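Engineer: Before I ask anything, here is the structure I am working with.
The values are calculated or read from the model by the stated rules, or taken from the named source; none is laboratory data. Here the structure is a predicted model, which means the values were calculated and not measured. Because the Cβ atoms are built from the backbone with ideal geometry, glycine has one as well, and the counts that use them run over all protein chains shown. The protein model used for the area step is the full one, side chains on, heavy atoms only, and it has no ligands, DNA or RNA in it. Shrake-Rupley method; radii C 1.70, N 1.55, O 1.52, S 1.80 Å.
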Amino acid sequence: MFPSLFRSMSGPGDMSRRKLIAVAGAAAAVSAAPFPAAAASRPANAPGTPGTAPVPPGAKGPVIPGSGYLLQEIGDRLFCVTDGLYQALFLTTSEGVVVVDAPPTIGTNMKRAIASVTGAPVTHAVYSHHHADHIGAMSLFPKARRYAQREVAELLRQTPDPNRPLPDVSFEKHLTLKAGDDVIQLDYHGPNHAPGNIHIHLPAQRVLMLVDVVFPGWVPFAYLAESQNIAGYLQAPAQALRYDFETFVGGHLTRLGSREDIVLHQQYTTDLMTQAAAAISTFDVNQVYGEVDPTNPWAVFNAYLSGVATQTAEAVTPDWVDRLGGADVYTWSNAYAAVESLRIDHGDLGPFGIRP
């Protein structure tokens, strides 16, 4: 997908390449300070820069009522509850209510939203993944039977939290959850944002939920959504598009999504990875000389990686700042994550490749 993924540096750049390796490895003869972390050399999306671009119209969602939450029926007996930052689902069935995630910021409003629709108890609870910001209010439903991918169960055992009770049922790859006549398909295609993060498909309602991967109308959260497996994160949207759905629920932010939002996300991340690969190949390492402390190899790496991320962000941001919300805020950190993934996952090491 990215033509320069495995391109190595050669020719005139080799001298700079050897110099940089010598500095990083032996802490020998050159200088440091976070790459002119100097604001003048960074784009508006670099950390610490005040002010943000206007939010594009496509990123804006419905107004959240004074109650603090918005309740939307997005399919037959399927409801989305949002506070404008987080999203959760519940499905009313003949057997009871099925809850999918319980973000703490929504908190008890989740129970209020359910009570406004039905008096039935919550009998099933699905964990999208183990992160507390999405399931940290699941303790509000103590009588529900809880479902999660096996990795989620293991991670929750490692970090005991009374607000995230251990699942009652765990699965490896696929689980068809049946509640009355209703079906929810839970599928694990491998790690992406986090181990155990699943695709949640409601075929009758034509709704797909995949949390913390695609943020409809917005660029990903910092460092490609702080994903633990960037390669898996980049593959997850294509996996999502193989499902039959109309409405997409990403867990964030301001609005629900569609298939088109996933495609737009793919275009952004493809642009990001392509420009990151180009920056790894073309970044002039000489510009970090005179900026690094000869006794601090971490400063050398910081200078180099910050510079490549800056070059990437400067190439990407102008094309996206009017199309996706937060492009000016998080493209620099997303570029940094892209650069590191290309280096350590794909072997596009730039000046840190095999010594000639």
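Engineer: If Ser306 passes every condition in (1) assigned to a loop (DSSP other than H, G, I, E, B); (2) closer than 24 Å to Gly350 by Cα; (3) not basic (Lys, Arg) but one, which one does it miss?
Structural biologist: Every condition holds for Ser306 apart from (1).
Engineer: Restricting to region 76-116, give me the number of residues that are assigned to a strand (DSSP E or B), out of contact with any Lys or Arg (no Cβ under 7 Å at 6 or more places or on another chain) and not hydroxyl-bearing (Ser, Thr, Tyr).
Structural biologist: Of the residues in region 76-116, 13 are assigned to a strand (DSSP E or B), out of contact with any Lys or Arg (no Cβ under 7 Å at 6 or more places or on another chain) and not hydroxyl-bearing (Ser, Thr, Tyr).
Engineer: Of the residues that make up region 331-345, is at least one open to solvent by 20 Å² or more (accessible area, probe 1.4 Å), part of a helix (DSSP H, G or I) and closer than 25 Å to Phe215 by Cα?
Structural biologist: yes
Engineer: Quick one: would you say Gly196 is more than 24 Å from the chain's Cα centre (by Cα) and either surrounded by fewer than 21 Cβ atoms within 10 Å (Cβ to Cβ) or within 15 Å of Tyr127 (Cβ to Cβ) (or both)?
Structural biologist: So Gly196 does not fit the description; no.
Engineer: Out of all the residues in region 89-109, which are in contact with a Pro (Cβ under 8 Å, 6 or more places away or on another chain) and free of Cβ contacts under 8 Å to residues at least 40 places away in the same chain?
Structural biologist: Passing the criteria: only Val97.
Engineer: Any idea how many residues of region 71-95 are open to solvent by 60 Å² or more (accessible area, probe 1.4 Å) and either closer than 18 Å to Lys143 by Cβ or within 20 Å of the chain's Cα centre (by Cα) (or both)?
Structural biologist: Residues flagged as open to solvent by 60 Å² or more (accessible area, probe 1.4 Å) and either closer than 18 Å to Lys143 by Cβ or within 20 Å of the chain's Cα centre (by Cα) (or both) within region 71-95 amount to 3.
Engineer: In region 314-330, what count of residues is obtained for those that are of a type in the set (A, V, I, L, M) and surrounded by fewer than 20 Cβ atoms within 10 Å (Cβ to Cβ)?
Structural biologist: Matching residues across region 314-330 total 1.
Engineer: Anything in region 101-143 that is surrounded by 23 or more Cβ atoms within 10 Å (Cβ to Cβ) and either among the charged types (D, E, K, R) or more than 20 Å from Gly68 (Cβ to Cβ) (or both)? List them, or say none.
Structural biologist: Asp101, His124, Ala125, Val126, Tyr127, Ser128, His129, His130
Engineer: Show the residue pairs meeting these rules: Cβ distance below 7 Å; 6+ apart or different chains; first residue within region 179-202 and over 25 Å from Glu95 (Cα atoms); second residue assigned to a strand (DSSP E or B) and modelled with pLDDT under 95.
Structural biologist: Matching pairs, first to second residue: none at all.
Engineer: Thr176 versus (1) under 20 Å from Phe90 (Cα atoms); (2) within 22 Å of the chain's Cα centre (by Cα); (3) surrounded by fewer than 23 Cβ atoms within 10 Å (Cβ to Cβ): which is the lone unmet condition?
Structural biologist: (2)
Engineer: Select from region 248-265 the residues that are among the hydroxyl-bearing types (Ser, Thr, Tyr) and open to solvent by 40 Å² or more (accessible area, probe 1.4 Å) and list them in ascending order.
Structural biologist: Once the filter is applied, which keeps residues that are among the hydroxyl-bearing types (Ser, Thr, Tyr) and open to solvent by 40 Å² or more (accessible area, probe 1.4 Å), region 248-265 yields nothing.
Engineer: A further question on this structure: Just checking, which of Leu208, Leu224 is closer than 17 Å to His129 by Cα, open to solvent by less than 30 Å² (accessible area, probe 1.4 Å) and out of contact with any strand residue (DSSP E or B) (no Cβ under 9 Å at 6 or more places or on another chain)?
Structural biologist: Being closer than 17 Å to His129 by Cα, open to solvent by less than 30 Å² (accessible area, probe 1.4 Å) and out of contact with any strand residue (DSSP E or B) (no Cβ under 9 Å at 6 or more places or on another chain) holds for just one of Leu208, Leu224, which is Leu224.
Engineer: When you scan region 280-293, do you find a residue that is under 30 Å from Asp101 (Cα atoms) and either open to solvent by less than 50 Å² (accessible area, probe 1.4 Å) or at pLDDT 95 or above (or both), even just one?
Structural biologist: No, because not a single residue in region 280-293 is under 30 Å from Asp101 (Cα atoms) and either open to solvent by less than 50 Å² (accessible area, probe 1.4 Å) or at pLDDT 95 or above (or both).
Engineer: Would you check if there is a residue in region 237-247 being at pLDDT 95 or above, open to solvent by 10 Å² or more (accessible area, probe 1.4 Å), more than 22 Å from Tyr127 (Cα to Cα) and outside any loop (DSSP other than H, G, I, E, B)?
Structural biologist: No, that holds for no residue.
Engineer: Now for a different question. Take Asp187 and tell me if it is exposed (fewer than 15 other Cβ atoms within 10 Å of the Cβ) and either modelled with pLDDT of 95 or more or basic (Lys, Arg) (or both).
Structural biologist: Details: exposed (fewer than 15 other Cβ atoms within 10 Å of the Cβ): no; either modelled with pLDDT of 95 or more or basic (Lys, Arg) (or both): yes.
No: the conditions fail for Asp187.
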